[in-house]
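> Supplied in structure tokens, the structure appears directly below.
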Amino acid sequence: MSFLLAHLSDAHIGPVPRPNLAELIGKRVTGYVNWLRKRAAQHDMELLGRLVDDLLAQRPDHVAMTGDIVNIGLNAEIALARQWLARLGHPEAVSFSPGNHDAYVPTSMPALARTFAPWTTGDDGSSAFPFLRRRDKIALIGLSSGVPTAPFVASGRLGTEQCARLEKLLRQTREEGLARVVLLHHPPHRGGARALRGLEDASAFEGIIAREGAELVLHGHNHRQSVHYLPGPQGSKTPVVGVASASARPGSHYPGAAYNLYRISREGEGVSVRLQTRGFDREESAIVNQGSLSL
């Protein structure tokens, strides 16, 4: 078994359609001002397009998109984001886990669930989280950490129901002999993000991994490449990998746009994971290899 998984996150598709007054209630006011004053200059849609072209040229077996596909959760944004997500591939070959910007306010939630259901539907036909998608001896388990929060707060939460089902799915798919890949937006370990930006139930997630393990956990949110390891059962370690924003303009507040490729292979009774990062190089004005790592 050799499976090529592509991972990108935090596209922050723009420009943000101009909201009407009714849509600018509450948190969206500060979010829209933030977009106009800062984020619009940080995220480059032409660069995002070039990154996606390069990703598709690698012919991955599956693509994982881990949230913040939009900015302030407008219905018009979500409709545009659906078109962009469809460009990544057929919903059977693309999985989506929403982030805090997607679930920006409570009124965003119905359109979010309805619009992206084709990319979050599991093998059981349900689009509830966590979803389970089996692909060529790989178990893709998608979580939703995106919840509406107060202004200036970007934290996430899984909740007891998701956590309980995640533990069962990890145990079930381990018994099936599948390589388990968990997808979510927020870094799922304690200290993985700044105050008011992290996963509120990171301790619960760490406990689940300690009991059941996983072969790989993928997240976005921080707009930076990162690798962390969580203790698993019987001395094992689970790699937790964050990816840069897929649309970040080089020279802005964050590192330039990038995505990750994972070659997941069987080695005897175990599983090997090789990570390769591809991102924009300003000097070459091209998407290039930025390094690789055995996880």
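The values are calculated or read from the model by the stated rules, or taken from the named source; none is laboratory data. Quantities reported herein were computed from a predicted structural model and do not represent experimental measurements. Positions of Cβ are backbone-derived with ideal geometry, glycine not excepted, and every protein chain shown enters the neighbour counts. We work out accessible area using only protein heavy atoms, side chains counted, and drop any ligands, DNA or RNA first. Shrake-Rupley method; radii C 1.70, N 1.55, O 1.52, S 1.80 Å.
> Considering only protein heavy atoms, with the full assembly of protein chains and a 1.4 angstrom probe, order THR238, THR30, THR107 by accessible area, largest first.
Numbers: THR238 0, THR30 50, THR107 100 Å².
Result, largest first: THR107, THR30, THR238.
> Can you tell me the accessible area per residue over the chain, all protein chains present, probe 1.4 angstrom, in square angstrom? Present the calculation step by step, with values, prior to reporting the outcome.
Numbers: 12500 Å² over 295 residues.
Per-residue accessible area for the chain comes out at 42 Å².
> Could you run the Karplus curve 6.51 cos²θ - 1.76 cosθ + 1.60 with θ = phi - 60° over segment 51-57 and give me ³J(HN,Hα) per residue in whole Hz, x for Gly and Pro?
Each residue of segment 51-57 in turn: 5, 5, 4, 5, 4, 5, 5 Hz.
> What FRET efficiency comes out for ARG37 versus LYS237 if R0 is 30 angstrom and r is the Cβ-Cβ distance? Round to the nearest 0.05. Could the numbers behind the result be given before it?
Values: r = 42 Å, r/R0 = 1.39.
It comes out at approximately 0.10.
> Moving on to the next point. Kirkwood hydrodynamic radius for segment 222-293: how many Å is it when counted over pairs of different Cα atoms?
Working: mean 1/r = 0.0728 Å⁻¹.
Here the Kirkwood hydrodynamic radius works out to 13.7 Å.
> For segment 201-207, what does the Karplus curve 6.51 cos²θ - 1.76 cosθ + 1.60, with θ = phi - 60°, yield as ³J(HN,Hα) per residue in whole Hz, taken in order and with x for Gly and Pro?
10, 4, 4, 5, 4, 4, x
> How much of the DSSP bridge set in segment 133-195 is antiparallel, in percent, rounded to the nearest 5? Write down the numbers at each step before the final one.
On the way: 3 of 8 bridges.
Approximately 40 percent, going by the DSSP bridge assignments.
> Summing -39500 (n - 2.57) over the DSSP H runs of n ≥ 4 in the chain and dividing by its residue number, what mean residue ellipticity at 222 nm do you reach, to the nearest 500 deg cm²/dmol? Present the calculation step by step, with values, prior to reporting the outcome.
Numbers: 6 runs with 70 residues, N = 295.
Calculated at 222 nm, the ellipticity per residue is -7500 deg cm²/dmol.
> While we're on this one: Please list, in order along segment 252-265, the HN-Hα scalar couplings obtained from phi with the Karplus expression 6.51 cos²θ - 1.76 cosθ + 1.60 (θ = phi - 60°), rounded to whole Hz, x for Gly and Pro.
My calculation for segment 252-265 gives 7, 4, 10, x, x, 4, 7, 9, 10, 10, 10, 9, 9, 9 Hz in order.
> Still on this model: Calculate how large, on average over all directions, the projected area of the Cα convex hull of segment 10-154 is; give the answer in nm² to one decimal.
Values: hull surface 34.3 nm².
Averaging across all directions leaves 8.6 nm² for the Cα convex hull.
> Follow-up question, since we're still on this one. How far apart, in nm, are the 7 Å Cα→Cβ label points at ASN20 and LEU293?
Using points 7 Å along Cα→Cβ, the separation is 4.8 nm.
> Same structure, new question: Compute the signed sum of charges (Lys and Arg +1, Asp and Glu -1) over the other residues within less than 13 Å, Cβ to Cβ, of ASP61. Let's see the in-between values first.
On the way: positive: ARG59, ARG133, ARG134, ARG135, LYS137, ARG263; negative: GLU92, ASP136.
After counting each charged neighbour, the total is +4.
> Tell me which residues come under 5 Å, amide H to amide H, from LEU230 once H is placed; ignore anything under 5 positions away on its chain.
THR238, VAL240
> Applying 1/(1 + (r/R0)^6) with R0 = 51 Å to the Cβ-Cβ distance of THR30 and ARG274, what FRET efficiency is obtained, to the nearest 0.05? Present the calculation step by step, with values, prior to reporting the outcome.
Working: r = 41 Å, r/R0 = 0.81.
The computed FRET efficiency comes out at 0.80.
> Taking the alpha-carbon set of segment 168-258, what are its Rg and Dmax in Å?
Spelled out, the Cα radius of gyration and Dmax of segment 168-258 are 14.3, 46 Å.
> While we're looking at this one, here's another question. Please report the orientation-averaged projected area of segment 2-294, defined via the convex hull of its C-alpha atoms, in nm². Present the calculation step by step, with values, prior to reporting the outcome.
Working: hull surface 56.2 nm².
Here the figure is 14.0 nm², rounded to one decimal.
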